[in-house]
Amino acid sequence: MQTYGPIVEAYLQALERSSLEDILALFTADALVESPFLGRLPAAEFFPKVLASSQQSDITIHDILTSARGQRRAVGYFRYDWTLL
């Protein structure tokens, strides 16, 4: 069984570094992201927009919770401080 905690942690670290290549490597080519601000977009379109609008980000990971029942899901509990351009 795959554990998703390390994947969520890698995602948050790549987001903090603004590493588009590392972020997209964690998603399938057809992955979609649902955002309250940008709507539903392919990950390959969403993340360049997010990174282009941010000057700096600091992410503090509080916890990463994974399914105790073997489901394919994880939740990241973190603080996301970012500076918009």
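The values are calculated or read from the model by the stated rules, or taken from the named source; none is laboratory data. Everything numeric here is computed off the predicted structure, so don't read it as measured data. Cβ placement follows ideal geometry from the backbone for every residue including glycine, while neighbour counts extend to all protein chains displayed. SASA here: full protein model, heavy atoms, side chains in, ligands and nucleic acids out. Shrake-Rupley method; radii C 1.70, N 1.55, O 1.52, S 1.80 Å.
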**OP:** Mind counting the residues in segment 32-60 that are more than 12 Å from the chain's Cα centre (by Cα), open to solvent by less than 80 Å² (accessible area, probe 1.4 Å) and not hydroxyl-bearing (Ser, Thr, Tyr)?
**Re:** 8
Subject >> Where a residue in segment 1-26 is in contact (Cβ under 8 Å) with a residue 12 or more places away in the chain and open to solvent by 40 Å² or more (accessible area, probe 1.4 Å) and its partner, wherever it lies, is hydroxyl-bearing (Ser, Thr, Tyr) and part of a helix (DSSP H, G or I), with Cβ under 7 Å and at least six apart >> reply: Leu26/Tyr11
Subject >> Those residues of segment 1-24 which are farther than 20 Å from Asp63 by Cβ and touching a helix residue (DSSP H, G or I) at 6+ places or on another chain (Cβ under 8 Å), in sequence order >> reply: Ser18, Leu20, Asp22, Ile23, Leu24
**OP:** Report the residue count in segment 1-13 for those that are over 14 Å from Phe78 (Cα atoms) and hydrophobic (A, V, I, L, M, F, W, C).
**Re:** 2
**OP:** Starting from segment 63-85, take each residue that is farther than 15 Å from Val8 by Cα and open to solvent by 70 Å² or more (accessible area, probe 1.4 Å) and list its partners that are of a type in the set (A, V, I, L, M) and modelled with pLDDT of 90 or more, counting only C-beta distances under 8 angstrom and pairs at least six apart or across chains.
**Re:** Leu85/Ala52
